[in-house]
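Peer 1: Pasting a structure below so you can have a look.
The values are calculated or read from the model by the stated rules, or taken from the named source; none is laboratory data. Just so it is clear, the structure is predicted and the values come from calculations on it, not from any experiment. Methodologically, a virtual Cβ is constructed for each residue, glycine included, from the backbone with ideal geometry; neighbour enumeration extends over all protein chains shown. Keep in mind that these areas ignore ligands, DNA and RNA; they rest on the heavy atoms of the full protein, side chains included. Shrake-Rupley method; radii C 1.70, N 1.55, O 1.52, S 1.80 Å.
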Amino acid sequence: MSDKAKLATVWLDGCSGCHMSFLDIDERILDVAALADLVYSPLVDLKEFPEMADVTLVEGAVSSEEDYHKIQKVRAHSKILVSLGDCAVTANVPGMRNPFKVEDILNRAYIENAEINQQIPVQVIPPLRKTSVPVHHVVDVDVAVPGCPPSADTIFYVLTELLAGREPDLTGKTRFGI
Ligand code: SF4
């Protein structure tokens, strides 16, 4: 059994750009791998969140019932929870639907804009919640990393600081909307 730290990444309502930026750390992934095992992520084929992750990066807002239940489970099983990117920190792009009723959004997507098979799905697609909210509106967050997406350098810095047991100082390293 490895005695390395356990790292997890979670994808809620985001475009995957924050995960792509994580992969942009390129060969420095080997430095991360020397410090931690990736125990859960859309990048690996593990289906169950582990009993406890040391650091969990969360991309995306909380938009669906599935997101809502997932983030609570993830929080309960993560020592340090990181909101990664503007969607997780502010709801950002997913939050743009908040002025509209869910019913109107579904009609627009599945009826008005559909040329064939016009119907609102009731299976497979998780029900939307009334609004898309930042992660910290649902669970406690330990570290917020703005950016759309945060740069690979920023993500690498945050990860290596947290895995070394230090609190990352993000002053001047990232900002909303970049
Ligand atoms: S913060 Fe930007 S890059 Fe990250 S999931 Fe949201 S839209 Fe995509």
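Peer 1: Residues that are away from the ligand (no atom under 16 Å from the Cβ): which strands (runs of 3 or more DSSP E) entirely in region 9-94 hold 2 or more of them?
Peer 2: 36-40, 53-59, 78-84
Peer 1: Still on this model: Of (1) within 30 Å of Lys4 (Cβ to Cβ); (2) more than 16 Å from the ligand (Cβ to nearest atom), Thr154 satisfies all except one. Which?
Peer 2: (2)
Peer 1: Output the number of the condition that Ala114 fails; it satisfies all remaining conditions of (1) away from the ligand (no atom under 16 Å from the Cβ); (2) surrounded by 15 or more Cβ atoms within 10 Å (Cβ to Cβ); (3) over 21 Å from Gln72 (Cβ atoms).
Peer 2: Every condition holds for Ala114 apart from (2).
Peer 1: Okay, moving on. Take region 33-59 and flag every residue that is surrounded by fewer than 12 Cβ atoms within 10 Å (Cβ to Cβ) and more than 18 Å from Trp11 (Cβ to Cβ).
Peer 2: Selection gives Ala34, Glu51.
Peer 1: Listed residues Ser132, Ser151; which is under 16 Å from His19 (Cβ atoms), touching a residue at least 24 places away in the same chain (Cβ under 8 Å) and of a type in the set (S, T, N, Q)?
Peer 2: The conditions single out Ser151.
Peer 1: What pairs can you find where one residue is in region 6-32 and among the acidic types (Asp, Glu) and open to solvent by 10 Å² or more (accessible area, probe 1.4 Å), the other is within 16 Å of the ligand (Cβ to nearest atom) and part of a strand (DSSP E or B), and their Cβ atoms are less than 8 Å apart, with a gap of 6+ or different chains?
Peer 2: Hits for this filter: Asp13/Ala61; Asp13/Val62; Asp13/Ser63; Asp13/Ser64; Asp13/Ser132.
Peer 1: How do the pairs read when you match residues in region 60-76 that are aromatic (Phe, Trp, Tyr) and open to solvent by 50 Å² or more (accessible area, probe 1.4 Å) with residues anywhere that are assigned to a helix (DSSP H, G or I) and within 15 Å of the ligand (Cβ to nearest atom), using Cβ under 8 Å and keeping only pairs 6 or more apart or on different chains?
Peer 2: No pair meets every condition.
Yes or no, residue by residue, for (1) of a type outside the set (Asp, Glu); (2) assigned to a helix (DSSP H, G or I); (3) crowded, with 17+ Cβ neighbours inside 10 Å; (4) in contact with a Cys (Cβ under 7 Å, 6 or more places away or on another chain):
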{"residue": "Glu103", "(1), (2), (3), (4)": "no, yes, no, no"}
{"residue": "Asn107", "(1), (2), (3), (4)": "yes, yes, no, no"}
{"residue": "Gln118", "(1), (2), (3), (4)": "yes, no, no, no"}
{"residue": "Lys130", "(1), (2), (3), (4)": "yes, no, no, no"}
{"residue": "Thr154", "(1), (2), (3), (4)": "yes, yes, yes, no"}
{"residue": "Arg166", "(1), (2), (3), (4)": "yes, no, no, no"}
{"residue": "Leu170", "(1), (2), (3), (4)": "yes, no, yes, no"}
{"residue": "Phe176", "(1), (2), (3), (4)": "yes, no, no, no"}
